[in-house]
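Where a number appears in this text, it was derived from the coordinates with a stated rule and is not lab data. Just so we're clear, the structure is a prediction, and the values are computed from it rather than from any experiment. Quick reminder, even Gly has a Cβ in these numbers, built from the backbone with ideal geometry, and neighbours come from all protein chains shown.
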Amino acid sequence: MSTITVTAPAKVNLHLEVLGLRPDGFHELAMVMQSIDLADQLTFQNRADAQVVLSCDDPSLSLGDDNLIVRAARLLRDRSGFSELGATIHLSKRIPIGAGLAGGSSDGAATLVGLNTLWGLGNSRQQLEAAAADLGSDMPFCVSGGRQLCFGRGERLEPCSAASTSLAVLLVKNPAVSVSTPWAYQRCKELQGATYLSGEEAFELRRQTLRTARWLNQPSASCPPPLRNDLQQVVEPEVEAVQQALALLRTLPDSLAVAMSGSGPSCFALMENMEACHQARDQLAEGFFAAGLQAWCCALQPNGVTVQVE
Ligand code: C5P
């Protein structure tokens, strides 16, 4: 029986700007997301009994109806019109859960892409991104990944140049801590709602400023992303694990910038290259250990989910 293997990379936010509120209650965002090479792996096999059977090597992950893999598989089957389609799916989890790294979204995107291939449905990338948008705001980005501008709820994508860069990411997270994304946005609204922009004209001005940022198409050590994350201002004061991670990363003399990713609690330092990244991790090893933080050295990845057929 054929097995399809799909790699699902994590992302970090090089920019997360909260512009305002939308009529649907979500926040209007201006973001730049960047795939990194910390990745989950999923395998897919056909079954003809219309069941979606999911297993995972991490027992802490819910495998029920709330899992984005299960939801993505059912959505794709329902839209295909072939109600007998089923799949056995196994997830090797490497991306920390509830971390602001879009691990769940990337798994969902990998499911759409993997099952589209396995079931021979022939959906275009645009159709898969549209299906992804119905499941989560970060999920459309994860389909093609790389580095993209993400507007609207996060689902309006504008790709950046794929120019290669040697920049590397020193990523840290306390494995015992997770942050709820709805809580972070709710807190942001409470604390900063009064200064939110309103109206499409004001939003578009901010989008245009981001589109023309010098670092966007070719980030480098001499022109690094300044790293802005508006959720950091509301999460950092309340989550000790974020304070500890940022305090340690801020001591690095040669980091280009430091920030939280997404709604946290993962934080990262942008380094000139992988060698500097490894040195920084060694330098902070004792501090990470004392604070209970895990650390990864990650390269920037030029793509999102990738499929291998065996
Ligand atoms: O779309 P997703 O399921 O990832 O969003 C999780 C929650 O985060 C939403 O229910 C909403 O509370 C908040 N959110 C938001 N604005 C966005 C994205 C997410 O308020 N653009």
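Couple of notes before you dig in:
- The slack between ASP37 and THR306, meaning 0.36 nm per residue of separation minus the straight C-alpha distance, is 95.7 nm.
- Rounded to the nearest 20, the size of the Cβ-charge dipole of the stretch 4-159 about its Cα centre is 220 debye, with Lys and Arg at +1 and Asp and Glu at -1.
- Overall form of the stretch 168-299: oblate. Here a/c, set by the Cα gyration tensor axes a ≥ b ≥ c, is 1.5 or more, and a/b is not larger than b/c.
- Here the Gaussian network model covers the chain, with springs between Cα atoms less than 10 Å apart; of GLU240, GLU129, GLU201, GLU201 fluctuates the most.
- Centre-to-centre separation between the Cα atoms of the stretch 116-147 and those of the stretch 229-252: 32 Å.
- Options SER220, CYS298, HIS90, ranked by Cα towards positive dipole end of the chain, top entry (Cβ charges): SER220
- Given charges at Cβ of Lys, Arg, Asp, Glu: the chain dipole, positive-most of GLN45, GLY154, ALA10: GLY154
- The Cα atoms of the stretch 144-246 give a gyration tensor whose axes a ≥ b ≥ c have a/c of 1.5 or more with a/b no greater than b/c, which makes the shape oblate.
- Charge dipole (Cα centre; +1 on Lys/Arg Cβ, -1 on Asp/Glu Cβ; no other charges) of the stretch 172-310 amounts to roughly 260 debye.
- Shape parameters for the chain, alpha-carbon atoms, Rg then Dmax in Å: 19.2, 58
- Think of it this way: in the chain, CYS56, CYS142, CYS150, CYS160, CYS188, CYS223, CYS267, CYS298 stand alone, with no other Cys Cβ under 4.7 Å.
- For the stretch 6-76 and the stretch 281-308, distance of Cα centres in Å: 20 Å
- For LYS173, the lysines whose Cα comes closer than 23 Å to its Cα, not counting residues fewer than 8 places off in the same chain, are LYS11, LYS93.
- The ranking of VAL53, VAL113 from fewest to most other beta carbons within 10 Å of each one's beta carbon is VAL53, VAL113.
- Magnitude of the charge dipole, the chain, Cβ model with Lys/Arg +1 and Asp/Glu -1, debye to 20: 360 debye
- Translational diffusion coefficient (Stokes-Einstein; Kirkwood radius from C-alpha pairs) of the stretch 1-81 at 20 °C, 1.002 mPa s, in µm²/s: 134 µm²/s
- Helical runs assigned H by DSSP (4 residues or longer) give the chain a calculated mean residue ellipticity at 222 nm of -9500 deg cm²/dmol, each run adding -39500 (n - 2.57) before division by the residue total.
- Calculated FRET value between GLU190 and PHE26, using beta carbons and R₀ = 22 Å, to 0.05: 0.90
- Computed over the stretch 4-159, the range of Cα coordinates on each principal axis works out to 46, 32, 26 Å, biggest value leading.
- Modelled spin-label separation between SER220 and THR3, with each label point placed 7 Å from Cα along the Cα-to-Cβ direction: 4.3 nm.
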